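Working notes, beginning with the structure itself.
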Amino acid sequence: MIKRSNLFTALLDKVVNIPVIQITLLVIVFLLVFQSYLTCFLKALKNTTMLFTCIAVFHMFSLSAQTPRKDSGADGPTPLQIGDTIPEKLWDSEFSFFNEQLNSTQKASLKEFKARPLVLDFWNTGCAPCLTGLAKLSDFSRGLDIGLVAVSEQTEKSILSFFKRNDLLKGTGLRSIIADSRLKSYFPHESIPHLVWINKEGVVVGLTGSKEITKDDLLNFATKGVLHAELKPELQPNFHRFIVDMELNRKVQSTHDSLLGYAIITNHIKDISPFEKSKVGPYEIISYRNRSILSLYRLAYADRYKFAANQIIWNVSDPERFEYYLSKGEGIAYWEKKNLICFESKSIGRINMADLLNTCLGLNVCVRDSLVECIVVKACKGRTTIRPKLGREFKSLKNLIKDLRMSRPNWQIIDSIKGEVRIPNYSVKDFETKDKLCNFFKENGLIVEKDKRIVNFLIIQR
C-alpha cells in the first residue's frame, strides 16, 4: 500500500510539472478567487453608485469653473517666436518709458520704432552682465538707424535710485520700459539679459543674450535686417535635457549603467543649463554641468566641509587644470572649453559623489585632518563694527581673510566673529609676517589669539 502510494505520488509530481497542466491549474484558481471578489464588489456597487455619480457631477462643474474660456485672455498672449510678426495691439500698447537723459518717466507706445529695426533688451539693475551689455549696445548702435529699448520689471523708484548711485549707463541716452509685465508675457525667458531682435517689417529674427553680440552684428541688423548671432542657450534643444539623453559626439566615461542607476562624466558641453535635477520614481537624477573639477569636489563634500583656498593641498603636477584661478594666463573662454566637465548621476538614495569622481577621473582625492597653528580673530567686547575715520576707506574683514588665504596658503586664519566687521583699507603686501597681521588687528580693536586647531584639508592627488 505504501509502495502504491509512492508510485501515485511520483506520477502526480510528473503530471503537475508539465507546463500546460501548471498554467491550467493557475487559471482555475484565479477564476475561483475572481468570482468571489466580483460577487462582493457588485453588492457594494449598488450602495455606492449614487455616491460616485454625485462626485462625478461635482468634479465636472468644478473643472468648468476653473478652466478659462479661449476668448477670456486668462492664459495671456501666445509667446512670440522667431519668424512671428509683432501684433498691432502690441505696437499700440502704452508703456512707461524712463529716459536717462531727462531722468524722468513718460507714457508712450512702441509705434515710433515700427518701421525701424528694433532691439528689446530685458534687464535688471542688479544684473552685471545686463549693465555691461547695455553699455556695449548703446555704444555700438551710435550712428545707426536702429531702435534700442531696454525693458525692466522694476519700478520707477528702483530705476531712479540706480542711476543716482551708478554712472555706468549715464550719458547713454538709454530709454527703458519700466514696471513691465506685458512684454515679458510675449517674450518669456529664464534669464537676463534677453535680447529680442525685430526687423523693420515687424518680424522677430533673433532671440539672444548680449555677451556674444558684436558691432558687426548691429551693423548687419541695422542695414540688412539680418542677424547672424546664435540663439540664446536657454532656447537651444539640449539646454534642460539630461546628458544621458543627449546625442554627444564625444567620449563619455561611466562607472555603471544598470537598474541601480549610472554616473557619467563628459567634457564641456555648449549651450546647456548649469544644473538640472529630477525625481523619476525611486530614482533621483542630479546633473552638474560645465563645472571645474575642484568645484565638483567641493560639492561632493559640501554637506560636511567647506574648504578655503589654503585648505587645499595640491599633490598633482597640473593644478591649473582643476580651477581657472590657477591657470597660467589663458583666456577664460578657452580654458573653460578645455577644462570644464559635466557630472551626472542617477541613483536610488544617496551616492558617494567623491568616489565616483575619483573612479571616472583617475584621481585619489580625499580629506585629511591636521592639527595646525591658527590665528583666531575675535571681536572686542562683542563689537562687530569699527567706525570709519574721516578720509579713510574701509573694507570687510572677511575680504581680507579671503585675500590672505589666497596669497598666504600656509596661514590658517579663523574668523570667529558673527556679523560684518569693517577695517581700514589694506594691501596684502603690508602683511609680510603673521606678527604684522596680528598688530594690524589689535590696532583696530580686534582680539587675536594663536591656537592649535584641527583643520580639514582637501588633498588633490592621483
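No value in this document is a laboratory result; all are computed from the given coordinates. This is a predicted model, so every value here is computed, not measured. All Cβ positions, even for glycine, are placed from backbone atoms using ideal geometry, and neighbour counts span all protein chains on display.
Please list, by residue number, every one of the GluC sites (Glu not before Pro) in segment 269-351 that is coil in DSSP and has at most 14 other beta-carbon atoms within 10 Å. In loop regions of segment 269-351 (DSSP not H, G, I, E or B), the sparsely surrounded GluC sites (Glu not before Pro) are E330. What residues of segment 80-102 lie in the reach of a label at L231, counting those whose backbone N is under 17 Å from a point 7 Å from the Cα along Cα→Cβ? Under cut-off, by backbone N: 80-85. Summing +1 for each Lys or Arg and -1 for each Asp or Glu among the other residues whose beta-carbon sits under 14 angstrom from that of L148 gives -1. For V316, the shell of other residues with beta-carbons less than 13 Å away shows a net charge of -1, using +1 for Lys and Arg and -1 for Asp and Glu.
Plainly put, segment 406-462 has a radius of gyration that is 1.00 times its Kirkwood radius, both from alpha-carbon atoms, as the Rg/Rh ratio. Computed packing ranks the peptides 202-210, 446-454 as 202-210, 446-454, most packed first, by mean other Cβ atoms within 10 Å.
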